[in-house]
Amino acid sequence: FRYETGLIPKEQFYKEVCSGTGYRGELKEFCSVFSDIFSPIEPMIELHARLRANKIPTFIFSNTNDLAIGHIRKHYPFFAHFDGYVLSFEHGAMKPDHRLYEVMEKMTGRKGSQILYADDRLDNIETGRARGWQTIHHADPAESIAVVEELGLLS
């Protein structure tokens, strides 16, 4: 929590992980191992490209840390094609804390039903829904894409 809300730097996080787990690798090795947990979901990358082609603004809204974001930016070119990024470690709050949702509204200049929000965690979705956002509880790419198509956002 402290790392993903930006309260401690990666060096302190690394030291605490080493202390708590007995990990003995170097910081550089730790950063590589810790960050390499992602794999692309091709249908969602294609959905994003279709939204962009239709001039729909897209944003990353994520509980994350600087190590993960550095890894993603380096290995996944599609990540550079969003209109903005609301990342927990940069704003001192994590979803479902309402403060991070407020940051998203300010960044996008949109509120309520003007925002379509997909997340795999129901507690995060519930906070967005309480703000009047349209929501997708993402569990399966085909289901999420079908909702976006039903909303008429894809041509």
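The values are calculated or read from the model by the stated rules, or taken from the named source; none is laboratory data. These figures come from a predicted structure and were not determined experimentally. Cβ atoms come from the backbone with ideal geometry, glycine included; neighbour counts cover every protein chain shown.
State the number of residues belonging to segment 59-74 that are more than 13 Å from the chain's Cα centre (by Cα) and free of Cβ contacts under 8 Å to residues at least 24 places away in the same chain.
Number satisfying all stated conditions: 1.
When segment 9-37 is examined, which residues are found to be surrounded by 17 or more Cβ atoms within 10 Å (Cβ to Cβ) and of a type outside the set (K, R)?
Result: F13, Y14, F30, C31, F34, S35.
For E11, which of the numbered conditions (1) in a helix (DSSP H, G or I); (2) in contact (Cβ under 8 Å) with a residue 60 or more places away in the chain; (3) of a type in the set (D, E, K, R) fails to hold?
Exception for E11: condition (2).
Please work out which residue is modelled with the highest pLDDT, limiting yourself to segment 19-40 and to residues that are more than 17 Å from R73 (Cβ to Cβ) and among the β-branched types (V, I, T).
Filtering segment 19-40 for residues that are more than 17 Å from R73 (Cβ to Cβ) and among the β-branched types (V, I, T), the one modelled with the highest pLDDT comes out as T21.
Sort out which residues of segment 117-130 are within 17 Å of N63 (Cβ to Cβ) and either in contact with an Asp or Glu (Cβ under 7 Å, 6 or more places away or on another chain) or of a type in the set (D, E, K, R) (or both), and write them in order of number.
Answer for segment 117-130, where residues must be within 17 Å of N63 (Cβ to Cβ) and either in contact with an Asp or Glu (Cβ under 7 Å, 6 or more places away or on another chain) or of a type in the set (D, E, K, R) (or both): D119, D120, R121, D123, I125, E126.
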